[in-house]
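Please read the structure below before turning to the comments.
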Amino acid sequence: MASPNATFTELVSTTWRKHRKEITDNVSKHNALLRRIKSKGNTRTEDGGLTIVEPLDYAENNTYQRYSGYDVLNIGASDVISAAEYAWKQIAINVVASGLEMRQNSGDSRIINLVKARMKNAMRTFKNNFSRDLYSDGTLPNQITGLQALVADNGQGTIGGINSATWEFWRNKVQDANSPIGGGAGAKISKDNIEKYMLSLWIELTRGSDQPDMIVMSNEFYEFFEQSQLSIKRYTDETKANGGFVSLKYKSCDVFFDGASGMPPKHAYFLNTDYLKLVVHKDANLKTLDEVRPYNQDAAVIPILWQGNLTCSNRQLQGVMIDTTT
């Protein structure tokens, strides 16, 4: 007869393998940004490499030439492609049970309930912490490159190995309420003026059909925006509502609030998610490892591993609206 320990380990491993896609989907549905990236097909797996490489289209081809008849054409090489390199980041979460717990729950139904409780707790912990990492500045040890780094409050930073102090094309746009708009003095963002600030940033980030497709706001900014829309409020389609997200529309863009997910206060990110990707290693996409038995404890530990990073291939088409007024 199998021991409770062996049964617990087998149940965790088989349940996780069977439901991994469902679990991965639930992680993405927990965060508006992740959901959008996934719906656009901007998630990919890689099988190795020292870093994650994102090609950049950062300059125009300088052979564009108006000519007539036998004019000599410019066939010179154009240095228009570079790449940003992002480090692999790793996350581990463990499903753990003590020998006492397993023996106390040695009956079939009890051990199944124990497994369900441990897995539910592990996934809730992963979802909440990963969501906070996505909005972070990436400065904690081994933390992924979060949105506060990719779309920085000052527009700069060394991201993907490229220093934006040197390369202007690698700076994101910033609209600070503390700076003048249209020649006038800056004013604290409120329901009465929030659209003025939004329009200013929107125009900077729009190049024909290349424009932000989602705006993620902190709670107070979302309140101001909704209050400004009382007479013309437009909610997005049912697929987003069914996903658990409430959102409004600004022009062609979906506007979400996600203040409980780690976003800093008084922030709104204007994102062109065509240039944002979540890259994951194929062998560490929430993969379970074999059980580990601590040599000095009566317990079973089953590690679950994730390895990847959030990347950006065009920072100048991303923007942030902030309010630093006092």
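Residue by residue, what Karplus-based ³J(HN,Hα) values in Hz, rounded to whole numbers, does region 196-211 have, using 6.51, -1.76 and 1.60 with θ = phi - 60° and x for Gly and Pro?
Going residue by residue, I get 5, 5, 4, 5, 4, 6, 4, 4, 4, 9, 9, 10, x, 7, 8, 8 Hz, with x marking Gly and Pro.
Using per-residue counts of other Cβ atoms within 10 Å, averaged over each peptide, order 204-214, 83-93 from highest down.
83-93, 204-214
Using amide H atoms built 1.01 Å from N in the peptide plane, name the residues 5+ places from residue 97, or on other chains, whose amide H lies under 5 Å from its own.
HN-HN under 5 Å from residue 97: 300.
Please list, in order, the residues from region 99-140 whose amide nitrogen is less than 15 Å from a point placed 7 Å along the Cα→Cβ vector of residue 14.
Zone members listed by number: 108-113, 115-116.
Could the peptides 263-275, 130-142 be put in order, highest first, of the mean number of other beta-carbon atoms found within 10 Å of their residues?
263-275, 130-142
What list of ³J(HN,Hα) values in whole Hz, one per residue of region 94-100 in order, does the Karplus curve 6.51 cos²θ - 1.76 cosθ + 1.60 (θ = phi - 60°) give from phi, with Gly and Pro shown as x?
Whole-Hz 3J(HN,Hα) from phi for region 94-100: 10, 8, 10, 8, 7, x, 4.
Once label points are set 7 Å from the Cα along Cα→Cβ at both residue 74 and residue 124, what is their separation, rounded to one decimal in nm?
6.2
Averaging over all projection directions, find the projected area of the Cα convex hull of region 98-137 and quote it in nm² with one decimal place.
3.2
Given the protein chains as shown and a 1.4 Å probe, how many square angstrom of residue 127 are accessible, to the nearest 10?
50
Once you sort the root eigenvalues of the Cα gyration tensor of region 74-212 as a ≥ b ≥ c, which label holds: rounded (a/c under 1.5), prolate (a/b larger than b/c) or oblate (the other case)?
Prolate is the answer for region 74-212, as a/c is 1.5 or above and a/b outweighs b/c.
Residue by residue, what Karplus-based ³J(HN,Hα) values in Hz, rounded to whole numbers, does region 218-230 have, using 6.51, -1.76 and 1.60 with θ = phi - 60° and x for Gly and Pro?
So the Karplus estimates, Gly and Pro as x, are 5, 4, 5, 5, 5, 4, 4, 5, 5, 5, 6, 10, 4 Hz.
Taking square-rooted eigenvalues a ≥ b ≥ c of the alpha carbon gyration tensor, is region 65-132 rounded, prolate or oblate, where a/c under 1.5 means rounded and, failing that, a/b exceeding b/c means prolate?
prolate
The values are calculated or read from the model by the stated rules, or taken from the named source; none is laboratory data. Nothing here was measured: the structure is a model prediction, and the numbers come from that model. Because the Cβ atoms are built from the backbone with ideal geometry, glycine has one as well, and the counts that use them run over all protein chains shown. Each accessible area value is taken on the protein alone, full model and side chains, heavy atoms only, with ligands, DNA and RNA left out. Shrake-Rupley method; radii C 1.70, N 1.55, O 1.52, S 1.80 Å.
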